[in-house]
1. What 222 nm value per residue comes from the helices of the chain, counting each DSSP H run with n ≥ 4 as -39,500 (n - 2.57) and dividing by all residues, nearest 500 deg cm²/dmol?
2. Compute the FRET efficiency between Phe70 and Lys28 as 1/(1 + (r/R0)^6), taking r as their Cβ-Cβ distance and R0 = 25 Å, and round to the nearest 0.05.
3. Taking all pairs of distinct Cα atoms, average 1/r, flip it, and tell me the Kirkwood hydrodynamic radius of the chain in Å to one decimal place.
Amino acid sequence: MGLIAIGAGIAVLVGIGAGIGIGIATGKAVEAQARQPEMAGKIQTTLILGAALSEATAIYGLIGAILIIFFIKFIDICT
């Protein structure tokens, strides 16, 4: 079970990268809107699209961790 937990933990670490990326992107978007308020709509649209893609990456990591935990246990039970 120890190696399974380590593998699942590594898969969940993907969420940290996504969180950092979204934070940096949000900060840059705020800076851009402060410099050019007339472009706020386009900047916000691009930010939301980028955040959604980053969150999708985090969700893939979470699903990977869940699959590692449950399928490895299932394989152990079947053998």
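1. Numbers: 3 runs with 72 residues, N = 79.
Theoretical 222 nm ellipticity from helices: -32000 deg cm²/dmol.
2. Values: r = 38 Å, r/R0 = 1.53.
It comes out at approximately 0.05.
3. Taking every pair of different Cα atoms in the chain, averaging 1/r and inverting gives 14.5 Å.
Read the figures in this text as sums done on the coordinates, not as results from a lab. Every value quoted in this text rests on a predicted model; they were computed, and no experiment measured them. So basically every Cβ, Gly included, is an ideal-geometry build from the backbone, and we count neighbours across all protein chains shown.
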